[in-house]
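These notes concern the structure reproduced below.
No lab work stands behind these numbers, since they all come straight from the coordinates. Keep in mind it's a predicted model, so treat the numbers as computed, not measured. Note: ideal-geometry Cβ built from the backbone for every residue, glycine included; neighbour counts use all protein chains shown.
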Amino acid sequence: MSMWEGISQAFAHLFTLEAGLGLLIGVVGGMIIGALPGLSATMGIALLIPVTYGMDQTAAILMMAAIYTSAVYGGSISAILIHTPGTPSSAATCLDGYPMTQKGEALHAIGLSTTSSVIGGIISAIALLLIAPPLARLSLNFQAPEYFLIAFFGLTLIGSLASGNMLKGLLAGAIGLTFGLIGLSPEVYARFTFGNFQLLGGIDLIPAMIGLFSISQVMILGEERGKHSSNVKVEAEIKGRFLPPAKEFVGLIPLILECSVVGVFIGILPGAGGDIASWVGLNLAKNQSKHKELFGTGIPEGVAAPEAANNAVTGGALIPLLTLGIPGSSTAAVMLGGLTIHGLNPGFELFSKYAGVTYAVIIGFLVANILMGLVGWAAGRYLTKVSKVPIPILLPCIAMLSIIGAYATKQNMFAVYICVIFGLLGFVMRKFGIPTAPVVLALILGPMADEQIYQGSMQALGFKKTFFQYVLSRPICIVLLGLIVLGLFSPLISALISKGYKKKYGDVGEAAEDI
């Protein structure tokens, strides 16, 4: 099916009440989640996946994509107002955003952030529409060996999600793989079920994700309420002009476009993500400026560049996710779980059998970025109050929604037990600095690799070859092996880039590492 045929089908899926509500809830909910210090896009999607369980496929995936891009933008609100990045992607925005607040230009800074984020998001949506379909056609040639290497490649990204500590990332991946082996094997043998029939189907992904991200975060915030309290007074009155002056905006357009394109490519790369993109964008702005000494004092370029770059990452990250099933960040890993839960497998099938749904999501993602700007422009003055919601009110609401969401997946208490167990596991892991995202990635990709290597071995027997010989005889597998090598070294490259920028611009990014 051609791209234009898919687009023509998309409008029937997109122009429905359910899709419209999913889009609106995703945009507004993502902005609120991103603006609250301590929360993130990853947690927001994990928390709302149960809400999408009975929804139409288009509305469900569209809501998750809208939460993703809006939460990245929402993180700039608290970064600008209280010098606390709402999400790790907004760490670089603190450097000039907060000084603008101290100068009485908070609304101006939020307007710059909104405008730049919308442009970055729109460019990334266009890139997603143009790049994803041809890349998906390549997956037509995939068989079991290729799918095994895709799963294995995804597992190599565990190091990328490990916040610079490879050993802890591998430990988290091993935990996820262990839980992923629970259930029936490809040879139909029960593994690690201990006689419990409810474990024969494996660990239910939704309660596990809710526990790892939402319940554990409630525990962390509850324990360190003073540290993460959002009852911080904004030091400047929220007044002035929201939209940037025409002359200033025209001068910023080349920088915003350049940072947006860079952000798209960083999003495609495995393991880089919005936090790296924001620092790269800031560095581009400073290198091209004639007044480098003004950065950090509250100048528009210091807000526009990182915000354009980090929102452009969102569409870029969806390209390998939708076409190859490769999540390059923790948020993308949770979205992969959302796709799987709704019966959508990344690859050519998404752009053929489910073309109407997929193109509706891509076009809806473009609309979500425009709607994000409209909501931001209309509610900019009021969004500033979101970052001051008292933590004692917020935590019980999150915990209640988490338990209800877990119960709704299977409508039995066993799912709640799974949620609580993984919540405790996530809390312990985070206390010891062990990342939780690799657990989800391994839970999804471990069983896939297990099944595909079994099927690939059966195929190899038909050619009288070992599985490894069969892999080396397939050209696409050779390319994938090269990508695996790249994936193994990407954590080191990302860590060096991040370390260089943090050393250059100070330790603002350190505040975001625990989010």
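Give me D for region 18-158 in µm² s⁻¹, whole number, from Stokes-Einstein with Rh from the Kirkwood sum over alpha-carbon pairs, 25 °C and 0.890 mPa s.
My calculation gives 145 µm²/s for D.
At q = 0.16, 0.20, 0.22 Å⁻¹, work out log10 I(q)/I(0) for region 242-375 with the Debye formula, treating every Cα as an identical point scatterer and leaving solvent out; two decimals please.
Each listed q corresponds, in turn, to -0.85, -1.13, -1.27.
Most exposed first by the Cβ proxy, i.e. fewest other Cβ within 10 Å, how do 8, 214, 278 rank?
Exposure proxy ranking, most exposed first: 8, 214, 278.
Can you run phi through the Karplus equation (6.51, -1.76, 1.60; θ = phi - 60°) for region 399-404 and list ³J(HN,Hα) in whole Hz, with x for Gly and Pro?
So the Karplus estimates, Gly and Pro as x, are 4, 5, 5, 5, 5, 4 Hz.
Could you run the Karplus curve 6.51 cos²θ - 1.76 cosθ + 1.60 with θ = phi - 60° over region 307-324 and give me ³J(HN,Hα) per residue in whole Hz, x for Gly and Pro?
Values per residue, Gly and Pro as x: 6, 5, 5, 6, 6, 5, 5, 4, x, x, 5, 6, 5, x, 5, 6, 8, 10 Hz.
What list of ³J(HN,Hα) values in whole Hz, one per residue of region 150-156 in order, does the Karplus curve 6.51 cos²θ - 1.76 cosθ + 1.60 (θ = phi - 60°) give from phi, with Gly and Pro shown as x?
Coupling constants for region 150-156: 4, 5, 5, 4, x, 5, 5 Hz.
For residue 414 and residue 243, what is the calculated FRET efficiency with R₀ set at 60 Å and r taken between the beta-carbons, to the nearest 0.05?
0.70
So which of 103/292; 103/290; 353/464; 247/292; 168/292; 103/247 end up more than 31 Å apart by C-alpha?
Numbers: 103/292 19 Å; 103/290 22 Å; 353/464 34 Å; 247/292 20 Å; 168/292 38 Å; 103/247 21 Å.
Those over the limit are 353/464; 168/292.
If each residue's Cβ is checked for other Cβ atoms within 10 Å, how do 69, 193 rank with the fewest at the top?
193, 69
Using the count of nearby Cβ atoms within 10 Å as a rough guide to exposure, how do 100, 458 rank from fewest to most?
Taking fewest neighbouring Cβ atoms as first place, the list is 458, 100.
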